[in-house]
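Single-structure report; data block below.
The values are calculated or read from the model by the stated rules, or taken from the named source; none is laboratory data. The model shown is predicted, which means the values in this text are computed figures rather than measured ones. Every residue, glycine among them, receives a Cβ derived from its backbone with ideal geometry; neighbour counts consider all protein chains shown. Please note that ligands, DNA and RNA were not included when accessible areas were found on the heavy atoms of the full protein model with its side chains. Shrake-Rupley method; radii C 1.70, N 1.55, O 1.52, S 1.80 Å.
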Amino acid sequence: MVNMLENIKKFAGDFLEKTEKKHILVVSHFDTDGITSAAIFGRCLKKLDRKFSFKIVKSLDRETVESLPLEKVIVFLDLGSGQVEDISKMTNKVFIIDHHEIELKTELPENVRMINPHLFPGGEEMSGSSLTYLVSKELAKKDSDAANLAVIGMVGDIMERKMGPIATSILKDADIILKKGFLLYPSTRPLNKALEYCSNPYIPGVTGDSMGTLNLLREAGIEFTKKGYKSLMDLDNDEMQRLVTAIALRMPDHDKMSEFIGNLFLIKFFNKLEDAREMSALINACSRMGESNTALLFCMGNETARKHAETIYIRYKQSLIEALNQMNSNPKIEGNKYVIMNAKDKIQDTIIGTVASIMSMSAMYKEGTVVITMAYNQDKIKVSSRICGREKKTDEPRNLKEMMDEVTELIGGESGGHKMAAGCVIDKEKEQAFIELIKKKLDIEVVKI
């Protein structure tokens, strides 16, 4: 990764040279990783006294690329790798900071610069926010608030379990407290509320059920006091163990419980100690509810945006729990190590990816199972896919990005993502064709494994 760090220095030097007295348009993805990346880079550009504006997008397609202004320097954050062919046709000066998989068929043109870990074989996996922080640190020195945002983005992209030495160095720049425990958020709020509104992990009979929550706490021997229920962070080791046992008894697959034990990241945000996972979920909620600008202003430290974001988050959590319960009661197409859940118009397309992630990390399906979720968006269908459990070095799991690429090549549409998490957007009229094709591919892949 020394090679990548050296390239970040060259990338930063080129950026400083090519953007002086230019207006910069920052185009970033609307998820937590993309929003935190935009906020980090915005803080950096302010320090550099550059003129800039933001454009937050759900996805980057050819039409969006072609609509970008020709007179501005374009910076793509947390996207761009899957659209290199279209971006290469631009005449602007373009900078890409992204971590998604990429296949360069030809050399990048002179006007396009890119930082992507996949260009450096054998390097560590990183979130878009981590990469953006490293570039910003090179441009405008260390910033603990920006490092905090990088940690939130890292957690939002589920990269905190794969931290290598470079990502770990970002933790040292951040203002955080680490504690090992059950990965329930918010870890700073009363347990009864945290459990009732917990969607990741989804706990059958507890999530969305206040009485079920109280029964679980009673079984775990965690008592209500004059001050109310303790928070997760306040539990002692014995109480934590009893809570984990009570939750495990409600999970269909007890073996997966170890996946929900890990580091709790507490960060200072708006002068208050907050759970990084909760902040990540709040940012994501704003974007999924069509309020990505609120999410960005929240990350930039705007107090009015904070209050609005918290209101949106409450609505989102209720919508998500309803969506999970809806998905559980919906008919499913189940095969050997895969399940396809077609919500049609019952669930918003903006949260279908979150539903897929929660389902894949729950104890409902065995490790290695492919979870595919689908939802309508006007005349399109949003598809999200995930592989259950954590990737193991000894395994060769199915490559979901390749699978989505192959299917969209046959029936049309836009695709992108990673080996373990990918998605696509297809025309609604191709719904049945997609299902049949993906079933065939999944059945073939199971035979290969």
- request: Please list, ordered by first then second residue, the pairs with beta carbon atoms under 6 Å, 6 or more apart or interchain, first in region 415-433 and within 13 Å of Gly353 (Cα to Cα), second part of a strand (DSSP E or B) and open to solvent by 60 Å² or more (accessible area, probe 1.4 Å).
  value: Val425/Lys380; Val425/Glu414
message: Condition (residue is buried (at least 17 other Cβ atoms within 10 Å of the Cβ) and closer than 22 Å to Tyr365 by Cβ) applied to region 223-246: is it met by at least one residue?
response: yes
message: Give all pairs with beta carbons closer than 7 Å in which a residue from region 322-350 that is β-branched (Val, Ile, Thr) and assigned to a helix (DSSP H, G or I) meets a residue that is modelled with pLDDT of 85 or more and crowded, with 21+ Cβ neighbours inside 10 Å; count only pairs at least 6 apart in sequence or on separate chains.
response: Thr350/Arg288
query: Out of region 5-24, which residues are open to solvent by less than 10 Å² (accessible area, probe 1.4 Å), farther than 14 Å from Asn111 by Cα and out of contact with any Asp or Glu (no Cβ under 9 Å at 6 or more places or on another chain)?
result: Ile24
message: Being in contact with an Asp or Glu (Cβ under 6 Å, 6 or more places away or on another chain) and open to solvent by 20 Å² or more (accessible area, probe 1.4 Å) narrows it down to one residue among Ser144, Ser169, Ser129; which is it?
response: Ser144
query: Of all residues in region 187-222 being more than 17 Å from Leu249 (Cα to Cα) and among the basic types (Lys, Arg), which is surrounded by the fewest Cβ atoms within 10 Å (Cβ to Cβ)?
result: Lys193
statement: In region 411-449, anything at pLDDT below 90 and more than 26 Å from Glu367 (Cα to Cα) is listed as Glu414
query: Has region 40-57 got at least one residue that is under 19 Å from Ser81 (Cβ atoms), open to solvent by 10 Å² or more (accessible area, probe 1.4 Å) and in contact (Cβ under 8 Å) with a residue 40 or more places away in the chain?
result: yes
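Condition check: touching a strand residue (DSSP E or B) at 6+ places or on another chain (Cβ under 8 Å), under 17 Å from Ser199 (Cβ atoms) and of a type in the set (S, T, N, Q). Does Asn330 satisfy that? Before the answer, list the steps.
Values: touching a strand residue (DSSP E or B) at 6+ places or on another chain (Cβ under 8 Å): yes; under 17 Å from Ser199 (Cβ atoms): yes; of a type in the set (S, T, N, Q): yes.
In short, yes.
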- prompt: Scanning region 83-101 for residues that are open to solvent by 10 Å² or more (accessible area, probe 1.4 Å) and in contact with a Lys or Arg (Cβ under 9 Å, 6 or more places away or on another chain), which turns out farthest from Val425 (Cα to Cα)?
  reply: Lys93
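Across region 58-82, which residue is farthest from Cys286 (Cα to Cα) among those that are small (Gly, Ala, Ser) and open to solvent by less than 40 Å² (accessible area, probe 1.4 Å)? Working first, answer last.
Filtering region 58-82 down to residues small (Gly, Ala, Ser) leaves 59, 67, 80-82.
Those left that are additionally open to solvent by less than 40 Å² (accessible area, probe 1.4 Å): 80-81.
Details: Gly80: 23, Ser81: 25 Å.
The selected residue is Ser81.
Rundown of residues vs (1) more than 25 Å from Met279 (Cα to Cα); (2) touching a helix residue (DSSP H, G or I) at 6+ places or on another chain (Cβ under 9 Å); (3) among the basic types (Lys, Arg); (4) open to solvent by 30 Å² or more (accessible area, probe 1.4 Å), yes/no style:
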residue	(1), (2), (3), (4)
Asn325	no, no, no, yes
Asn330	yes, no, no, no
Asn342	yes, yes, no, no
Asp349	no, no, no, no
Met364	yes, yes, no, yes
Met374	yes, yes, no, no
Ile387	no, yes, no, no
Met403	yes, yes, no, no
task: Kindly provide the set of residues from region 96-142 that are under 16 Å from Phe11 (Cα atoms), within 22 Å of the chain's Cα centre (by Cα) and of a type in the set (A, V, I, L, M, F, W, C), ordered by number.
output: Ile96, Ile97, Met114, Ile115, Leu119, Leu131, Leu134, Val135
field: Criterion violated by Asn302 - all others in (1) modelled with pLDDT of 85 or more; (2) closer than 20 Å to Lys180 by Cβ; (3) open to solvent by 20 Å² or more (accessible area, probe 1.4 Å) satisfied
entry: (2)
